[in-house]
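Structure, as structure tokens:
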Amino acid sequence: MSFSSLPRFLSLSITPKTSKISTLHFTTSLADKLYTHLQNNPNNVEKSLNSIKPKLDTRCVTEVLHKCSLNNSQIGLRFFVWAGYQSNYRHSSFLYSKACKLFNIKQNPQAVLDLFEFYRAEKCVVNLKTFKVVLNLCKEGTLANEAFLVLRKMQEFDIHADTKAYTIVIRLFCDKGDMDMAQKLMGEMSFNDLYPDMVTYVSIIKGFCDIGRLEEACRLVKEMRAHGCVPNVVVYSTLVDGICRFGSVERALELLGGMEKEGGDCNPNVLTYTSVIQGLCEKGRTMDAFAVLDRMEACGCAPNRVTVSTLLKRLCMDGHLEEAYKLIDRVVAGGSVSSCDCYSPIVVCLIRIKKVEEAEKLFRRAVVSGVKPDGLACSLMIKELCFVNRVLDGYCLHDEIEKIGSLSTIDSDTYSVLLVGLCQQGYSLEAAKLARSLIEKRIHLKHPYVDKVVEYMKKFGVTDLVTELASIGR
């Protein structure tokens, strides 16, 4: 459709170019016109919007929500729900998150329920899709009780909930740990000629596992087949994880063996194996954990960062550093995990078990080799040096990290500790250099440290930094 054939409401005085600038102008103009239309038609928003049928996209919807959040959140929320069930558009998870933040859904959950009072008062036509958008909004805001009330309001509008609607509410109560309500709702489904699907079962099985009610989780796995749901790797992995956390590792190993034997859709994946390895490591059974790693690789399943990190931490805690280095060589050669993913967790673990000297040696060896440690490892290492009055060493290490391009991962608390330490020990040149770098990168100092840094900068005579430092403090 050409721009000239658009309705008067959507007409724009732009040239039909394909450049990014023209597209941006069109989207922005459409958002402005939609917002103006909403302001001029505050009653029965849905009917008014249906009359114009604008072509929506994520950017346009986001801009309208921003505008509405400033002075008319109720209309903005109604626009969001209306947009969510349009045939030519679908909200992303990002949009649900954005709407929750803009309209303070968590702090003001009543706003969700008030929507239906407006619909009733204005005799708006609502459908199942309307309710699903609202339920998904409740899911994003983790509003279990409100989602339950929304489910009940369907009856007031003579709308029948489907399996997906029930599943959203069930999952919210599972996440909340209220398994009695989750079970009640799943039982209620059968009275409405509905049956749980795979997502429903996984949600409720995970809920039981998360609170240690393993027998009920196992019972549900057996009952699934009667409703036409054949347990797959997701179901069994969820059960294995729960058994490792709250039950017997031997039982988890037995279930893992059964999955390997059955194969197909039940073949264990990296999450299954990692759960078992974590369970064994927590029990101090390192050799058994390595045996599972061997089984894992033999089945063609490569370990990931969590798998390797779990084993490395256990080896470090047991004092088996040579074995840890051998494991690194093994998995890096396999190509599934990088050197950074291996060295960083060892450094963190060594610092936490007070083997700082060994951690520093390993950290420096990694940096010299061109390995980029992650943000946690960098931050902990620099702070540890500062805490033992080796502030200048911490600053020099900071410079070395900068050369390999890992500084963006260091947290502001570490920068604050380092800068204050340099000031307190009289390293004025280094402190001023670091301060200028922080200002340039707009890295905010932690509030308790700002006044101290400003005071020292005045003593050092570096007055040009005082105002700018105060401006990036928080």
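The values are calculated or read from the model by the stated rules, or taken from the named source; none is laboratory data. Here the structure is a predicted model, which is why all the values come from computation and not from measurement. Here Cβ is always computed from backbone atoms with ideal geometry, including for glycine, and neighbour counts include all displayed protein chains. We work out accessible area using only protein heavy atoms, side chains counted, and drop any ligands, DNA or RNA first. Shrake-Rupley method; radii C 1.70, N 1.55, O 1.52, S 1.80 Å.
Gyration tensor over the Cα atoms of the chain: the corresponding equivalent ellipsoid has semi-axes (square roots of 5 times the eigenvalues, largest first) of 47, 39, 20 Å. With semi-axes defined as the square roots of five times the eigenvalues of the C-alpha gyration tensor, the equivalent ellipsoid of the stretch 262-326 measures 22, 11, 9 Å, largest first. The largest accessible area among Tyr96, Tyr273 belongs to the first residue in Tyr96, Tyr273, and the rest follow in falling order (1.4 Å probe, all chains). 3J(HN,Hα) along the stretch 117-133: 5, 5, 4, 5, 5, 9, 6, 6, 7, 10, 9, 4, 5, 4, 5, 5, 4 Hz, from the Karplus curve 6.51 cos²θ - 1.76 cosθ + 1.60 with θ = phi - 60°, whole Hz, x for Gly and Pro.
Average accessible surface for the stretch 92-164: 51 Å² per residue, computed with a 1.4 Å probe over protein heavy atoms with every protein chain in place. Pairs exceeding 26 Å between alpha-carbon atoms, taken from Lys206/Lys354; Lys47/Lys132; Lys403/Lys458; Lys55/Lys129; Lys132/Lys206: Lys206/Lys354; Lys403/Lys458.
Using the Cβ atoms and a cut-off under 12 Å, what net charge is assigned to the surroundings of Glu250, where Lys and Arg are +1 and Asp and Glu are -1? Here the count lands on +1. The Cβ shell under 15 Å around Lys47 holds other residues with a net charge of +2, Lys and Arg each +1, Asp and Glu each -1.
At q = 0.12, 0.19, 0.21, 0.23 Å⁻¹ the log10 of I(q)/I(0) for the stretch 49-110 amounts to -0.26, -0.66, -0.81, -0.96, computed by Debye summation with a single uniform scatterer per C-alpha, solvent ignored.
Normalised radius of gyration (Cα atoms, divided by 2.2 N^0.38 Å) for the stretch 271-398: 1.09. Summing +1 for each Lys or Arg and -1 for each Asp or Glu among the other residues whose beta-carbon sits under 14 angstrom from that of Tyr195 gives -3. Solvent exposure of the stretch 305-393 amounts to 45 Å² per residue of accessible area, where only protein heavy atoms count and the probe is 1.4 Å. Semi-axis lengths, largest first, of the ellipsoid equivalent to the stretch 320-474 are 33, 15, 12 Å, with √(5λ) applied to each eigenvalue of the Cα gyration tensor. Surface composition of the stretch 299-435: carbon and sulfur make up 52 percent of the accessible area, probe 1.4 Å.
Every helix of 4 or more DSSP H residues in the chain counts as -39500 (n - 2.57), and over all residues that averages to -22000 deg cm²/dmol at 222 nm.
Just so you know, the Rg over Rh for the stretch 143-199 is 0.94, from Cα atoms, with Rh as the Kirkwood radius.
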